[in-house]
Amino acid sequence: ETLQRIVSTLVNKNDEIHNFIDMLNHTISNVQVNSSNAISELDEEFDGLYSVLHEMKGSMASTIQQEEARKIQALQDQLSQCSRALESSEELLELAVQSLDIKNPVELLEASRQIKDSVTVASAFRLSLKPKVSDSMTHMMVDFALEKRMLQAVKFLPVPKAPEIDVAACLVADNCITISWRMPEEDSRIDHFVLEYRKTNFDGLPRLKGEQRWELVDYIKATQYTLSGLRFDTKYMNLRVQACNKAVAGEYSDPVTLETKAFVFSLDSTSSHLNLKVEDTYVEWDPTGGKGQEKIKGKENKNRSNTASPKRSTNSPRASARGSRDRFAGESYTVLGDTAVESGQHYWEVRAQKDCKSYSVGVTYRNPGKFDQLGKTNSSWCIHINNWLQTTFSAKHNNKAKTLDIPVPDRIGVYCDFDGGQLSFYNASSKALLHTFRTKFTQPLLPGFMIWCGGLTVTTGLQVPSAVKTLQKSENGLGGSTSSLNNVA
């Protein structure tokens, strides 16, 4: 047995060596191919450089030739003017010499007067005897000393250094993460950055096992980036950045872990009324799922359709999963969240379908009565929307209702400060405050939802928006408003 183990170990080691030899041969082949590719790219770069220099030479030579032609034309024009002036001056000089031979004083005087007038206006006296342009072309010379030094300094592109993430400048807010970083030293060759992130439940460095895969954001030109539209369904997020130049990517920065803890829950199908169809974060009125009209414990189940509904088919996976645990009955068309709020500040949002006739959004203590409706007991708080015949909007608690004289928003945000004893509802789009309950919560709270006709979609894993935090600080600073529905439960 010992010999077999030794032989088996040796066989395994031989297999490892064979695999390693194959890998080395493959690596050698890759080195040869990559080297050939690098030489080809080098040739292309230098050919491009030669092409640029040749184009520059042609452009500069053309400029010199244009300057030469301009100067020669100016000098030739000046030469022509001088030739014409000289010709006119010689004719006048010959006429003056001939006049000296005149014997008649009157004729001599007249000839002298004409010569004097001609000399006075002669072009020879108006000429500038200085060349209009110089023959120097030194101003067209170029000095490539700097460029030569730059070319001599050309080297292979270095591997960029790892960026450094500025944790103090990173921000987690409004379901977004803004991450900021810097290079340890200035590098003008950096072309772009690559950001990688992944969700985790570990608050330390990334671990090898039990982690989600890295998500990648490429070609970031700035040294800051905002990840938006996130759902914080884990407690933390790992982030790392690498710098890239034209040729190669550098090492990743040391990863950082930012806390992204948020309240995450699903709708508990085992807690729902039979007339509700529940799927994770969506609940829909299902008139075919109830037990029909029947009297339970002396109370008549007044079905609004006034028609008996057949029992839910046992073939339904939801029905089989729920079994006989009918948490709510009668007109308590309710479903609860599967996670309780026991401390801290939390936020979630609800969107109702346009055809919803009636629905409520709120919280309740655990174990409400089978026929209890949200807001009609001293252990539940909600806002209620009724679109039957005419729209009514109200806040309910302990079977008391306060009408809210404001438009019903498309999405409702729920803010629960368990320790501070505050439950607020917001317009999720504008973050305008709809209503606030103030009380002292003495038991864990479960998110609760009631619906009749239509559907509700719940969005969780959201952080408390900055606008809500600002409103809370302002409201708390002013002492807040006390609703007549609020009490210490």
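The values are calculated or read from the model by the stated rules, or taken from the named source; none is laboratory data. As the structure is a prediction and not an experimental result, all values here were calculated from the model. Methodologically, a virtual Cβ is constructed for each residue, glycine included, from the backbone with ideal geometry; neighbour enumeration extends over all protein chains shown. Just the protein is used for accessible areas: all its heavy atoms, side chains included, with ligands, DNA and RNA removed. Shrake-Rupley method; radii C 1.70, N 1.55, O 1.52, S 1.80 Å.
Our note on the geometry: Cα centres of region 330-348 and region 4-38, 59 Å apart. Computed from the alpha carbon atoms alone, the convex hull of region 87-156 holds 94 Å³ per residue.
Each residue of region 377-390 is assigned a 3J(HN,Hα), and the resulting list reads 10, 7, 10, 8, 9, 6, 10, 10, 10, 10, 9, 7, 6, 9 Hz, derived from the Karplus form 6.51 cos²θ - 1.76 cosθ + 1.60 (θ = phi - 60°), x at Gly and Pro. The gain in end-to-end length when the residue 60 to residue 340 segment is fully stretched comes to 92.9 nm, 0.36 nm per residue minus the alpha carbon separation. Dividing the helix sum by the residues of the chain, where each DSSP H run of 4 or more adds -39500 (n - 2.57), gives a mean residue ellipticity at 222 nm of -10500 deg cm²/dmol. Once the mean of 1/r is taken over each pair of separate Cα atoms and inverted, region 12-132 shows a Kirkwood hydrodynamic radius of 22.9 Å. Students often get this wrong, so check it: of 235/400; 402/473; 261/370; 370/440; 235/396; 221/473, which have C-alpha atoms separated by over 30 Å? Listed pairs above 30 Å: 235/400; 261/370; 235/396; 221/473. Taking the inverse of the mean reciprocal distance over all distinct Cα pairs, the Kirkwood hydrodynamic radius of region 414-461 comes to 12.6 Å.
Largest accessible area first, the residues 41, 147 order themselves as 41, 147 under a 1.4 Å probe with ligands, DNA and RNA left out.
Among 402-410, 97-105, 190-198, the peptide with the highest mean count of other Cβ atoms within 10 Å heads the list, and the full ranking is 190-198, 402-410, 97-105. In the P(r) worked out for region 164-259, what percent of Cα pairs fall beyond 16 Å? The calculated P(r) of region 164-259 puts 54 percent of pairs beyond 16 Å.
When only alpha carbons of the chain are considered, Rg and Dmax amount to 45.8, 162 Å. Taking all protein chains as they are arranged and a probe of 1.4 Å, the heavy atoms of residue 359 leave approximately 20 Å² accessible to solvent. Using a Debye calculation, one point per C-alpha and no hydration shell, please list log10 I(q)/I(0) for region 377-485 at q = 0.12, 0.15 Å⁻¹ in order. Summing over Cα pairs of region 377-485 leads to -0.42, -0.68. Annotated for region 12-132: lysine pairs at least 8 residues apart or interchain, Cα distance under 28 Å, count 5.
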